[in-house]
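The structure appears right after this line, and notes come after that.
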Amino acid sequence: MVGGAQTQTRDIQILEAGEYFGIRFYSGSLRHLFKLDLSEITDRFVGNDYFPCQIFNDLYHLIYKESNYCKRVNICESWLLQRYKPQPKSRFDQALHLVYQSSGNIRVNELANNVAWSSRHLNRLFQIYTGLNTKTFAKIIRLQQACKLLYMAPHKSPNSNVELGFFDQSHLIKDFRKHLLSKPTDFSNRFMSDFYNQ
């Protein structure tokens with residue numbers, strides 16, 4: 001299965017016990033493999049029938065000929081590398097870089113001005129290449145950065161919202177509840193619990 005951009009935390013139901021692996025593509029990089037409009041699969045998972053050709057059937061058969069987990073991963077990696085088509089750096093890549101560099105704390109019009117595009121054109125490309133509009137994409141990057149900071153400093157008060165890139169505490173809590181379905185303190189406690197249970 002291939003998942004589009006997910007705007008909320010989601011549990012993946014595993015039907016059978018076993019060793020599984022997943023691949024998370026860097027934002028916008030799926031276009032190096034397939035010409036897709038990722039806005040069509042935002043918050044969805046699709047099977048190989050979504051793709052214009054049945055290339056994933058080949059991969060499925062190659063992987064399951066092997067019983068060794070590491071060999072399966074290597075087969076998948078080799079298969080993807082063979083189909084990877086490098087593309088020159090574009091203004092969209094520059095826009096992505098600026099969003100990451102700012103930890104999602106950049107306004108859409110400022111981002112558009114930096115790459116010399118209209119906000120509307122930039123938004124259209126973000127939807128095609130990431131599945132999210134520019135504002136939502138930046139918000140999720142900001143939230144991911146907040147999660148990373150809370151994970152790295154779990155004893156620090158999660159109320160330091162300005163350091164985490166949020167205007168105020170209620171804004172921080174609202175985004176956590178909307179996208180992660182929990183409060184910042186619950187998120188922090190969960191990771192502390194995982195850490196001490198290892």
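The values are calculated or read from the model by the stated rules, or taken from the named source; none is laboratory data. Remember, predicted model here, so these are calculated numbers, not experimental data. We place every Cβ from the backbone using ideal geometry, glycine too, and count neighbours over all the protein chains shown.
The figures follow:
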| item | result |
| --- | --- |
| Residue identified as in contact (Cβ under 8 Å) with a residue 24 or more places away in the chain, surrounded by 13 or more Cβ atoms within 10 Å (Cβ to Cβ) and of a type outside the set (Gly, Ala, Ser) among 83, 107, 72 | 72 |
| Cβ-Cβ under 8 Å pairs, at least 6 apart or on other chains, region 148-175 side assigned to a loop (DSSP other than H, G, I, E, B), far side at pLDDT below 60 | 154/192; 154/195; 164/158 |
| Subset of region 30-58 (residues that are surrounded by 15 or more Cβ atoms within 10 Å (Cβ to Cβ) and small (Gly, Ala, Ser)) | 39 |
| Complete set of residues in region 6-24 that are within 12 Å of the chain's Cα centre (by Cα) and hydrophobic (A, V, I, L, M, F, W, C) | 23 |
| Unique match (being touching an Asp or Glu at 6+ places or on another chain (Cβ under 8 Å) and basic (Lys, Arg)) among 107, 72, 83, 120 | 72 |
| Selected residue [under 23 Å from residue 7 (Cβ atoms) and within 20 Å of the chain's Cα centre (by Cα)] from 33, 80 | 33 |
| Failed condition for residue 119, given (1) modelled with pLDDT of 75 or more; (2) of a type in the set (Ser, Thr, Tyr); (3) touching a Lys or Arg at 6+ places or on another chain (Cβ under 9 Å) | (3) |
| The one condition in (1) closer than 21 Å to residue 6 by Cβ; (2) out of contact with any helix residue (DSSP H, G or I) (no Cβ under 6 Å at 6 or more places or on another chain); (3) in contact (Cβ under 8 Å) with a residue 60 or more places away in the chain that residue 93 fails to fulfil | (1) |
| Answer from 75, 55, 41, 12 - the residue that is under 30 Å from residue 110 (Cβ atoms) and not assigned by TED's automatic domain parsing to the domain that holds residue 180 | 41 |
